[in-house]
Every structure is written in structure tokens, then in C-alpha cells.
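Chemist: There's a structure below that I have some questions on.
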């Protein structure tokens, strides 16, 4: 698949719109629309009782996710969103008074509130202060205490675009017996990650940003170690094996894989969308997607450097992904000016944030930069 082939999947590229806000929400390619249409049509006609065939699709989709994360399908469970996924872990640990959770000071709220909610059990929250907006292994080591029980960190930070060195941090956490949790919503599918090699215990994401799926569907990766530490706080018929063994209720029949956290009926239309878009990405090639996204962020950083603005995003390729953020005067007025030109970016915490995806072109980026500084 070429860039031109990929762009034909996005009707907004046929107009004068330049969409550079994939860190907020992505447009839906035609393959997603068609997959959801097919699912709904089948449900409306002769596939009304959808569970047998839709569940088969869900299992296939877990396989696609597992391939992306370099793990096994049985370690994947579907959720509504990132926050619900994080809450499985945060609410499931048997916290003891004095346990400490380590978070990033400028973390996205979905990766904070589930942990703050545990303070009622006597848990203390510590916040890492970044060095030059970077959370490195040295920063982690500086903030860890003997009572640190869990570290939660975004794979790619929503504000700066900094990509964490998860392999080094995961190795350290394993050595210190610290649970390592990762919010991956700003890093998938365009940044390589191997959850097992990186000793990640728990990973959560939604599918409506860079993955280009629909809202209301996310997924988690749960290692066997993490599962052994989680006391399930919510449960339904789908949490147990043999759920249709009516009137023989036994919580000891919990499924032995991550599907125990799915509880009930899944969002099959959303899974149909995710199934289609994961195949779309695989057809283009995940390595090629990462190459294109990194080229775009490098181009923007280079152009912003020549203009002398303060760039929050690292120049080092290993420390960035698709987000590029800058400090600039009157960002809200600039945002409005860009919107009038049909160029879609974002302002977060007073910073101008651009987040192009693999199908964007250098010409689109050049146009956006020219408007910013006109």
C-alpha cells in the first residue's frame, strides 16, 4: 500500500482540510465505516444472534492486537476506554496503608484519577518532576521510595510528545518488584513496543486516537503477574467459564486469562472497526507507519527550530513519536486562525500541539507551518 492508496481511505483529504490532530481523535478510514456497516447489516438480517460469529471476530482482533504488542491473545481484554482499563489495575490491587504510587507530574488525567481514588485506602501518590520535560530512568530512580508499589507512565506524553524508554524503566521496575503500568494511547500503533521484553505488567489504551477506531472501545494487556495481583472488583457472567451453567454460581470459575475482566456483552461494532483498521495498518506496515510519523515530527521540529520558538518535543528520534508541541504567543488566537484556514491542530495547557499521522504529506505540514508564522 502506498501513501496515495492510504489517503484514498480518508475523504477529508479530498478537500482543503489539513488534519493534524490525531492525538485528540482520528478520522475514520472507509475500511472502518464499511466494517461497521457490514456488522450492522448482518445483525439486522440473518445474523441477529450475533454472539457466535461476532465472538470469533473478537478473538481474531485480540490476535491482531497481540501481534502489535508482541504477546499472546489471551493476555488481551477489551474495555470501554483507557480510564476503565487503568481502573481494573488501580482498583484491583490489595493496597496497604503507606503503599505509594509514582506518577508523572504532568500526566493525562485518565492515568491519574484511577490512582487518586485509592487514597481512601491509605495509599500515597508521589509525582515525578521532569528534567527538561523528559521522564528518564534516572528521573524514575530519583523518585522511587522503598514503599513505591506501582509506577504508571504514558508511553508517549500527550503534552510534549516525549516517548519513554519503557524497556529500561521496565527492567528497573522488575528488579525493584514495582508494578509497571503503561498508558499507550499516544503511542500505538505508530511506535514500536514489546510488552514482554519491556517487562510491562499492564498496558491500557483506547482506539479512537492514532489507532483510528471508534470511540467507546479500548483494550488492555495484562501480564500473568499482574493478573495474579488483581482482586477483581467487577464481575459478570462473561467473567467465568461456562457462563451458561445456570443456577450453579461459583466465583471460583473465573476465567484464567484476561477475558475475565470483560464481564459481559462486548462492543462488537467497535471491535469490528478495530479489526478492520488493524488490518489496514498491517497492510501498510507498522514499521513504515513509524518511519512516516517520525519523519513528520522531524520535519516540524526542524521548521520550528528555524523560527526560534521553544519546542517541548525532543529532537532525538528515540525520544519522540508523532506529537510536536511548541510554546508560542497567543496560542488560542493562533488556533482560531488555523481553524479558519481549515487546518486542525490543538492547544493543550497553553501549548500549540500538532500530531500528524502517517498518511499526511510534507506539503500539508509546510502549509500549516506557513500559516502559523504568517
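Chemist: Return yes when residue 323 is more than 20 Å from residue 10 (Cα to Cα), crowded, with 21+ Cβ neighbours inside 10 Å and touching a strand residue (DSSP E or B) at 6+ places or on another chain (Cβ under 9 Å) and no when it is not.
Modeler: So residue 323 fits the description; yes.
Chemist: Just the residues that are under 21 Å from the mean Cα position of the chain (by Cα) and closer than 16 Å to residue 365 by Cβ, please, taken from the stretch 1-25.
Modeler: 19, 20, 21, 22, 23
Chemist: For the stretch 280-371, list the strands (runs of 3 or more DSSP E) that sit wholly inside it and hold at least 2 residues that are free of Cβ contacts under 8 Å to residues at least 24 places away in the same chain; which are they?
Modeler: Numbers: elements: 324-327, 346-348, 351-354.
Output list is empty.
Chemist: Filtering the stretch 171-192 down to residues that are in contact with a strand residue (DSSP E or B) (Cβ under 8 Å, 6 or more places away or on another chain) and surrounded by fewer than 24 Cβ atoms within 10 Å (Cβ to Cβ), which residue is farthest from residue 91 (Cα to Cα)?
Modeler: Checking each candidate, the answer is 191.
Chemist: Taking residue 100 and the conditions (1) under 22 Å from residue 84 (Cα atoms); (2) touching a residue at least 40 places away in the same chain (Cβ under 8 Å); (3) under 23 Å from the mean Cα position of the chain (by Cα), which numbered condition does it fall short on, given that it satisfies the others?
Modeler: Exception for residue 100: condition (3).
Chemist: Does residue 206 meet the test of being touching a strand residue (DSSP E or B) at 6+ places or on another chain (Cβ under 7 Å) and either within 20 Å of residue 63 (Cβ to Cβ) or buried (at least 22 other Cβ atoms within 10 Å of the Cβ) (or both)?
Modeler: yes
Table: residues versus (1) buried (at least 18 other Cβ atoms within 10 Å of the Cβ); (2) more than 17 Å from the chain's Cα centre (by Cα); (3) assigned by TED's automatic domain parsing to the domain that holds residue 272.
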residue: 27; (1), (2), (3): yes, no, no
residue: 40; (1), (2), (3): no, yes, yes
residue: 48; (1), (2), (3): no, yes, yes
residue: 51; (1), (2), (3): no, yes, yes
residue: 60; (1), (2), (3): no, yes, yes
residue: 77; (1), (2), (3): yes, no, yes
residue: 92; (1), (2), (3): yes, yes, yes
residue: 120; (1), (2), (3): no, yes, yes
residue: 124; (1), (2), (3): no, yes, yes
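Chemist: Residue under question is residue 20, and the condition is that it be in contact with a strand residue (DSSP E or B) (Cβ under 6 Å, 6 or more places away or on another chain) and either surrounded by fewer than 15 Cβ atoms within 10 Å (Cβ to Cβ) or farther than 23 Å from residue 268 by Cα (or both); does it hold? Break it down into steps so the answer makes sense when it comes.
Modeler: On the way: in contact with a strand residue (DSSP E or B) (Cβ under 6 Å, 6 or more places away or on another chain): yes; either surrounded by fewer than 15 Cβ atoms within 10 Å (Cβ to Cβ) or farther than 23 Å from residue 268 by Cα (or both): yes.
Yes.
Chemist: So, restricting to helices (runs of 4 or more DSSP H) that lie completely within the stretch 1-120, which ones have at least 1 residues that are closer than 18 Å to residue 276 by Cα and out of contact with any helix residue (DSSP H, G or I) (no Cβ under 9 Å at 6 or more places or on another chain)?
Modeler: Those helices (runs of 4 or more DSSP H) span 30-44, 51-69.
Chemist: Among the residues of the stretch 126-136, is there at least one that is surrounded by 13 or more Cβ atoms within 10 Å (Cβ to Cβ), assigned to a loop (DSSP other than H, G, I, E, B) and either on the phi > 0 side of the Ramachandran plot or without any contact (Cβ under 8 Å) to a residue 12 or more places away in the chain (or both)?
Modeler: Yes, that holds for at least one residue.
Chemist: Right, residue 273: modelled with pLDDT of 95 or more and in contact with a helix residue (DSSP H, G or I) (Cβ under 6 Å, 6 or more places away or on another chain) or not?
Modeler: Yes: the conditions hold for residue 273.
Chemist: On to the next question. If you scan the stretch 261-279, which residues turn out to be in a loop (DSSP other than H, G, I, E, B) and more than 14 Å from residue 40 (Cβ to Cβ)?
Modeler: 262, 263, 264, 265, 266
Chemist: Looking at (1) within 18 Å of residue 229 (Cα to Cα); (2) crowded, with 21+ Cβ neighbours inside 10 Å, which is the one condition that is false for residue 196?
Modeler: Result: residue 196 fails condition (2) only.
The values are calculated or read from the model by the stated rules, or taken from the named source; none is laboratory data. As the structure is a prediction and not an experimental result, all values here were calculated from the model. As a convention, Cβ positions derive from the backbone with ideal geometry for all residues, glycine included, and neighbour counts pool all protein chains shown.
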